[in-house]
Amino acid sequence: MLQNLSVPKKLMLSFAAVIAACGAATMVVLWTVTVLQRADAANAASAEMFKTSDLVLAAAVEQQNAMRAYVATRDADFIPKYEEPGKVL
């Protein structure tokens, strides 16, 4: 089939093939960048959730420690320490 085409037509066809390959490669790169941006956004959201859950866990541990100290010692100084982490949340 290509043997019957003239040289200018063969050059145009090969140039069109190169342009099409470059276009396809560009589309693949753009798709990959989009996927990476979505993954980065999801990672940032999960990091924020982890940070928040870590604060909640730390507050719960502080309340638990204050309650244990109050029960063990019956010292009223631990009551504000028990109420303090609840205010943070």
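Worth a mention:
- Of all residues in the range 52-61, none satisfies being assigned to a loop (DSSP other than H, G, I, E, B), touching a residue at least 24 places away in the same chain (Cβ under 8 Å) and in contact with a helix residue (DSSP H, G or I) (Cβ under 7 Å, 6 or more places away or on another chain).
- Number of the exception - Pro8 against (1) surrounded by 10 or more Cβ atoms within 10 Å (Cβ to Cβ); (2) at pLDDT 90 or above: (1)
- Hey, Leu30 within 20 Å of the chain's Cα centre (by Cα) and in contact (Cβ under 8 Å) with a residue 12 or more places away in the chain or not: no
The values are calculated or read from the model by the stated rules, or taken from the named source; none is laboratory data. Remember, it's a predicted structure, so these values are computed and weren't measured experimentally. Neighbour counts are summed over all protein chains in view; Cβ atoms, including those assigned to glycine, are modelled from backbone coordinates with ideal geometry.
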